[in-house]
Amino acid sequence: MNVGVYDIHLTYVEVLLKSMIEKLIEKLIELFSVKGHKNTAIKAGIFLLVIFPIVAVVTLGYFEGKKNLTDLIVARRESIARVGAILMEERFNRLSDIATSLAARPVLRTAIENEKWEDARTIVKDVYAQFPFVEHVGLFSPDGTIRVIAPGFPGVEGVNFAHREWYTAVINSKKPYVSEMYYGATNQNTIVIVVPIMNEGGKFVGLLTLQIITDTLTGWSKEIDVGQEGFMYFVDRRGDVAGYSNSPAHAELPNFSQRSYVKRVMQGESGIEVISAQGDQREKIVSFAPVAQYNWGVIVEQPNPPAFVIRDKNLEQRLMINGLILIILIFSMYFIARFIGVLNMYRQRERIFLDSIGDGVVAIDRYWNITLWNKTAGELSGWSKEEAMGKSLREIVKFISEADRKENITFIEDALVRGKIGFMNGNTVLIRKDGAEVQIGDSAAPIFDKKGMVIGAIIIFRDVSQEREQNRHRSDLAYASHQLRTPVTKALWSLEAAKDKKIIEDMRREVDTAYQAMQSLSRLSDQLILVSKIDQKIRQVEKRAIKLTDLFDPSIKKANESGAQKSITVLSPQLSASASIITDQKLSKYIIDEVLDNAVKYSSPNGKVEMTAEIKNEELVIRVEDFGVGIMEEEKPLVFVKFFRGRNIDTTAIAGAGLGLYIAQEYAKLLGGKIWFEPKEKGTIFYISLPIA
């Protein structure tokens, strides 16, 4: 149940404000429930008071939405330019890789090094067919003279191009290079991908070029949707433009180097500029991004009205939707008043649920002021909700230690300061308003806000007087059992001494019977003490490494000694001498002793008990099988219950109190393991599973 929706996380001032709001809502419910004309004006005023802020919010939301959508569209324009830059960089990289791969062909390098240009022509003549976007492939001698152009072009071979910027760049860097745009010897606007050709010894022997016309770049720009009436184009490091207004490859290259956005992109910047309308040109949005690796840039232009068509449509839709909502809201106001009453009913029901909890529930803020107080808290403390709300917890609720009479609030500090669930110690009492004391127990849990910060705590407390009385009874039982040990031990010593003396046979039988009875009484005393420790949860687990042979051998020896009277043999498992686990030796040994002892007790004379053990899935699994009386079907659920003994055994002949398997099961749980059994037609198989670490 969510008890904090309305009442938690409140300071004292907020509690008062909450109370005022609740009273206002109640008045509104009462007002809207009254029929007639008396309250019409008041209702109309309240209606307008509610509607006006909504209209104001809708109006402000419209303009805020317009701003946000505008920012979004502007950001999208810049993203388109960045995508274009990524596309161009990827294509230039691909062209460079193709050129580098061609230049690295051993047969081509050998032909050029030996100046066998016709052989080289044969090697590259089909390149343009494999890569349609390549206009021409050129092979140059080291001095910049073109020796081969494929496909052939009249008057080009034999021309020296050492004056080109790309020749100088490659000669100096010996790396692939993407040239600026220029009107080439093939009478087209082109760019050239240039790579050096090196022989096997690393000597520069020539150049290979891939000539790409600017129409190819224009085709690249059309692969990206830039919006209605928008277009993308590219600028080289000089500011020359390719792809602008669909200019053909043979037209003169426009130069935009003086435009502000071109200057910025050449400096490696990306961004957006709004260019004002000039003459018959409309206002336009220009976004740009650099292709830094090659010192090129990508420009995206779009006229202003088309750029914001989507935004304007979205705003129109929003306006229509908000108008529709407003109309619906006006017609819904009448029903809202009635819904308030329904909501208030649910709130009251939630409070009823909270007050129905049998434990005291108190919430405080980080200043220890009470923000929640249920009915049971009032009954236990004697303070009413009206008296407690908004007051300091330590002023109203006094938790003290029964032992030293000091205030006990450590468990609350654990919740408020450390953000952890804190529990009361076992001797905490609550001082009621009338001064009476109530023994209590339970816990405090932190309250977190959305950021994970502790803003308060919920304290749960209940009357534990009856529980403590029961614990005292358990303690008294354990004490009595402990005290019983001394006389029983003395009696056993005396009986042992009597057994060793020469006495007549009839007296020996009586002494043996008395000795066995005292042994059973001693075992019962020990088991009662163990049960008391289990019930009080004071048995600690102390794990350490132990060899399996050290764990099993004493138990098997003890079981064989016990079974010797009935000629019962306990078959031990085959174990590696070095096998070991990490466990509590005392607890584990008790479990094994108890299961083996039961198997021997309930086995038929001249029988056997088989014990096996294996480690699998990080667990030690022990299997103990006997061939005795077995377990009756209807008694299976009772095997691990305190004081249970089967009806199919002679309890006068077989000693026991029905506590052994209960203790063994509880010890297995403490170790993180378990015990279970499989009944057979004759006998029973018990399993023990213990973690190995």
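Here, each number is a calculation from the coordinates, and none is a lab measurement. What you are looking at is a predicted structure, and each value in this text was computed from that prediction instead of being measured. Here Cβ is always computed from backbone atoms with ideal geometry, including for glycine, and neighbour counts include all displayed protein chains.
Observations on the structure shown:
- Matching residues in the range 123-138 - criterion: being in a strand (DSSP E or B) and under 19 Å from M198 (Cα atoms): V137, G138
- Per-region count, the range 366-387, residues among the small types (G, A, S) and not in a loop (DSSP other than H, G, I, E, B): 3
- Count - residues of the range 115-153 that are among the acidic types (D, E) and under 15 Å from W166 (Cα atoms): 1
- Only a single item in (1) free of Cβ contacts under 8 Å to residues at least 12 places away in the same chain; (2) crowded, with 16+ Cβ neighbours inside 10 Å; (3) among the acidic types (D, E) is not met by D97, and it is number (2).
- Scanning the range 139-159 for residues that are of a type in the set (D, E, K, R) and in a loop (DSSP other than H, G, I, E, B) yields D143, E157.
- Pairs are defined by a Cβ separation below 6 Å, a sequence spacing of at least 6 or placement on different chains, a first member in the range 567-589 that is without any contact (Cβ under 8 Å) to a residue 60 or more places away in the chain, and a second member that is hydroxyl-bearing (S, T, Y) and assigned to a helix (DSSP H, G or I); the pairs so defined are L575/T549.
- Taken over the range 215-235, the criterion of being part of a helix (DSSP H, G or I) and of a type in the set (S, T, N, Q) is satisfied by T216, T218, S221.
- Across the range 562-584, the number of residues qualifying as in a helix (DSSP H, G or I) and under 30 Å from Q540 (Cβ atoms) comes to 1.
- The range 574-598, residues that are more than 24 Å from I685 (Cβ to Cβ) and in contact with a strand residue (DSSP E or B) (Cβ under 7 Å, 6 or more places away or on another chain): S580, I582, Q585
- Of the residues A169, A162, the single one that is in contact with a Phe, Trp or Tyr (Cβ under 7 Å, 6 or more places away or on another chain), among the small types (G, A, S) and under 25 Å from A111 (Cα atoms) is A169.
- Test result for R164, out of contact with any Leu (no Cβ under 9 Å at 6 or more places or on another chain), of a type outside the set (A, V, I, L, M) and either at negative phi or surrounded by 16 or more Cβ atoms within 10 Å (Cβ to Cβ) (or both): yes
- Of the residues making up the range 100-115, those that are assigned to a loop (DSSP other than H, G, I, E, B) and without any contact (Cβ under 8 Å) to a residue 24 or more places away in the chain are A104, R105, N114.
- Evaluating D119 against the criteria (1) exposed (fewer than 15 other Cβ atoms within 10 Å of the Cβ); (2) more than 23 Å from K175 (Cα to Cα) leaves one unmet condition, (1).
- Subset of the range 678-693 (residues that are closer than 20 Å to S604 by Cα and either among the polar types (S, T, N, Q) or crowded, with 18+ Cβ neighbours inside 10 Å (or both)): G683, T684, F686
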